[in-house]
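A.B. asks: Before I ask anything, here is the structure I am working with.
The values are calculated or read from the model by the stated rules, or taken from the named source; none is laboratory data. The structure displayed is predicted, hence computed values, not measured ones. Every residue, glycine among them, receives a Cβ derived from its backbone with ideal geometry; neighbour counts consider all protein chains shown.
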């Protein structure tokens, strides 16, 4: 138990990053429920959606490094570069992967339209919510920064 307390709560940067990730996942689940009218537990741990939990995590980590270690520290430099890569990837490659999945799922639905249900059920759909729009990434980044600013360094 002592290890867990020291590992999570004794490490400001890790605590803020995990808290930001959790806050983003909860927000994402609530927003998805309000927009779609259905509760999807997958939104609590899945990728994609509003706000970006990846962006919240890496931006809060970067802010925590800046606050706790200073702007000239190697921790800040590493977390800043990591944040840039993660957010670029979320808007680029992963977003395009989701767009391609939508097209492929539509093609598969059209192709199997005349098949019996037993045949259609054998083909699982590709995940379409894997990336983020720039707005989702920005929202996650701002959420992460806000949490890092609100939670004081230990």
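A.B. asks: If I go through region 49-84 residue by residue, how many of them are surrounded by 23 or more Cβ atoms within 10 Å (Cβ to Cβ) and more than 21 Å from residue 13 (Cβ to Cβ)? Even if it seems obvious, please write down each step before you answer.
C.D. replies: We begin by selecting, within region 49-84, every residue surrounded by 23 or more Cβ atoms within 10 Å (Cβ to Cβ); these are 49, 51-65, 79.
Restricting the remaining residues to those that are more than 21 Å from residue 13 (Cβ to Cβ) gives 49.
The qualifying residues number 1.
A.B. asks: Let me ask you something else. List the number of the failed condition for residue 133; all other conditions in (1) within 19 Å of residue 44 (Cα to Cα); (2) surrounded by 18 or more Cβ atoms within 10 Å (Cβ to Cβ); (3) modelled with pLDDT of 80 or more hold.
C.D. replies: For residue 133, the exception is condition (2).
A.B. asks: Being under 17 Å from residue 153 (Cα atoms) and assigned to a helix (DSSP H, G or I) is the filter here; which residues of region 70-84 pass it?
C.D. replies: Selection gives 75, 76, 79.
A.B. asks: I'm trying to understand the selection: among the residues of region 37-53, which are at pLDDT 85 or above and part of a helix (DSSP H, G or I)?
C.D. replies: 53
A.B. asks: Checking residue 27 against (1) under 14 Å from the mean Cα position of the chain (by Cα); (2) more than 21 Å from residue 151 (Cβ to Cβ); (3) surrounded by fewer than 24 Cβ atoms within 10 Å (Cβ to Cβ): exactly one of these is not met. Which one?
C.D. replies: Of (1) under 14 Å from the mean Cα position of the chain (by Cα); (2) more than 21 Å from residue 151 (Cβ to Cβ); (3) surrounded by fewer than 24 Cβ atoms within 10 Å (Cβ to Cβ), only one is false for residue 27: (2).
A.B. asks: Of the numbered conditions (1) under 25 Å from residue 43 (Cα atoms); (2) more than 15 Å from the chain's Cα centre (by Cα); (3) in contact (Cβ under 8 Å) with a residue 40 or more places away in the chain, residue 103 satisfies every one except a single condition; which is it?
C.D. replies: (3)
A.B. asks: When only residues in region 139-154 that are out of contact with any helix residue (DSSP H, G or I) (no Cβ under 8 Å at 6 or more places or on another chain) and surrounded by fewer than 14 Cβ atoms within 10 Å (Cβ to Cβ) count, which is farthest from residue 51 (Cα to Cα)?
C.D. replies: Applying the filter and picking the extreme gives 152.
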